[in-house]
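J.: Can you keep this structure in mind? I'll have questions shortly.
The values are calculated or read from the model by the stated rules, or taken from the named source; none is laboratory data. Just so you know, these numbers come straight off a predicted model, no measurement behind them. When the accessible area is computed, the model is the full protein with side chains, heavy atoms only, and any ligands, DNA or RNA have been set aside. Shrake-Rupley method; radii C 1.70, N 1.55, O 1.52, S 1.80 Å.
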Amino acid sequence: MTEEQSTKPDTHDRAWSFLVAGEERQFQGNAGYEDVIEESYSYDSTVGNHQHVAVGDLVVVRNGKEALGAGMVEALQVLPEQEKVRSRCPFCASTGFKGRSTMFPRFWCSRCKNAFDTPNSEILRVTAFRAHYGGTWQPLDGCLDKAQLSELSLSRSDQQSIKKMDRRRTLAAIEARGVRFPSRGELRRAGGRRPRELPGGRRRTAAAVRRGQDGFRRALVREYGLVCAVTGAAPAEVLEAAHLRPFAETEQHRVEEGLMLRSDVHRLFDCGLLAIDAELVVHVAPSLAGHGAYSALAGVPLRIPPDAPIDRAAVADHHAATVATW
Ligand SMILES: [Zn+2]
């Protein structure tokens, strides 16, 4: 395995979105190496735009529906002369056939409408690439959806695995949703640097998977971005979906009855130590007066847009019930 790596920042101005999921793009050389989406992305020389991705580029990782996260390319591995198996429909030679989980024959070609058990296979010699994000990865948790991503894309096609994006506008859109990239200087001062050995990586963290499966939180992230309504932009890992009414009472997940809150603020809200009035101003329990970080939140207006879909009656009810105990 030969590797060419560089950490020299480029001065060009590029950004890409990388598609995960979907079998067409999976590079299965190297004994089934599996991408860890927060760490790296593998592709090969059969993928469009493969030759243009470079160190210093901004990357947004997407699935078919939304943006999962973003990072900067900190290192690029190049693995020449890899073998890749490509399968084709035995009837029409199309590569666009699908496996069927319950029916036989096992494969179905949507182009020529034939079913078959054994596709034709050919072995290609390809150059494989792996782009690593170093310590720059930021979870996006779906704060940009498919339509917003294509609006930022410079390519018409939806099918491309690697799509060119407008870097300036993409960065602005991500930051407007509360995401904060460390600058190179900040990353260096924080001790972040490219690992000497590029690791195979751990699997996508269980916490990230859980966050992605919470439909109520997903809807709130789509609405508000990665921003705590009380304290402002915060890492995805500490942002939670708060119910303005006790969930057990309503058993509903209405966006109007939810807010994104940092986990400690969420806890205070649920414990009745922090409330929000109908004018969307924060109130803090007198018992927290000795905790400057929290008492300073008293009187702060909620950080949500003026036209945000929030149920003011729900916050007023919570406020009345809460301050009655102070
Ligand atoms: Zn076919």
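J.: Note down the accessible area of Asp317, probe 1.4 Å, to the nearest 10 Å².
T.: Here the accessible area works out near 80 Å².
J.: Helix-derived [θ] at 222 nm for the chain: sum -39500 (n - 2.57) over DSSP H runs of at least 4, divide by residue count, nearest 500?
T.: Values: 10 runs with 73 residues, N = 326.
When only DSSP H runs of four or more count, the value is -5500 deg cm²/dmol.
J.: So, taking all protein chains as they sit and a 1.4 Å probe, how much accessible area belongs to Leu288, in Å² rounded to tens?
T.: Using a 1.4 Å probe on the heavy atoms, I get roughly 20 Å².
J.: Another question, if that's okay. Compare Glu186, Glu81, Glu39, Glu257 by solvent-accessible area with a 1.4 Å probe and give them largest first, with all protein chains kept in place. Provide the component values of the computation, followed by the final result.
T.: Details: Glu186 90, Glu81 125, Glu39 40, Glu257 20 Å².
So, going from the largest accessible area down, we get Glu81, Glu186, Glu39, Glu257.
J.: Give me the accessible area of Lys113, 1.4 Å probe, in Å² rounded to the nearest 10.
T.: 130
J.: Where in the chain are the helices, taken as whole DSSP H runs, whose Cα atoms extend 30 angstrom or more along the long axis and whose Kyte-Doolittle mean reaches at least 0.0? Walk me through the numbers before you get to the answer.
T.: Details: long enough: none.
The answer is none, since no helix passes both cut-offs.
J.: Leaving out ligands, DNA and RNA, and with a 1.4 Å probe, what % of the accessible surface on the chain is carbon or sulfur?
T.: Numbers: 8570 of 17140 Å².
Result for the chain: 50 percent of the exposed heavy-atom area is carbon or sulfur.
J.: Which residue, Glu38, Glu83, Glu279, has the most motion in a Gaussian network model of the chain that connects Cα atoms within less than 10 Å?
T.: Glu279
J.: Then there is this: Quick one: accessible area per residue over the chain, 1.4 Å probe, rounded to a whole number of Å²?
T.: Working: 17140 Å² over 326 residues.
I get 53 Å² per residue for the chain.
J.: Pick from Pro105, Pro139, Pro286: which is most flexible by mean-square fluctuation in a GNM of the chain where alpha carbon atoms under 10 Å apart are linked?
T.: Comparing Pro105, Pro139, Pro286 in the GNM, the peak value goes to Pro105.
J.: Top mean-square fluctuation among His50, His291, His132, Gaussian network model of the chain, C-alpha springs under 10 Å?
T.: Among His50, His291, His132, the largest GNM mean-square fluctuation belongs to His291.
J.: Given the C-alpha atoms of the chain, compute the convex hull and give its volume per residue in Å³. Before the final figure, lay out the partial values.
T.: Numbers: hull volume 56.1 nm³, N = 326.
Here the figure is 172 Å³ per residue.
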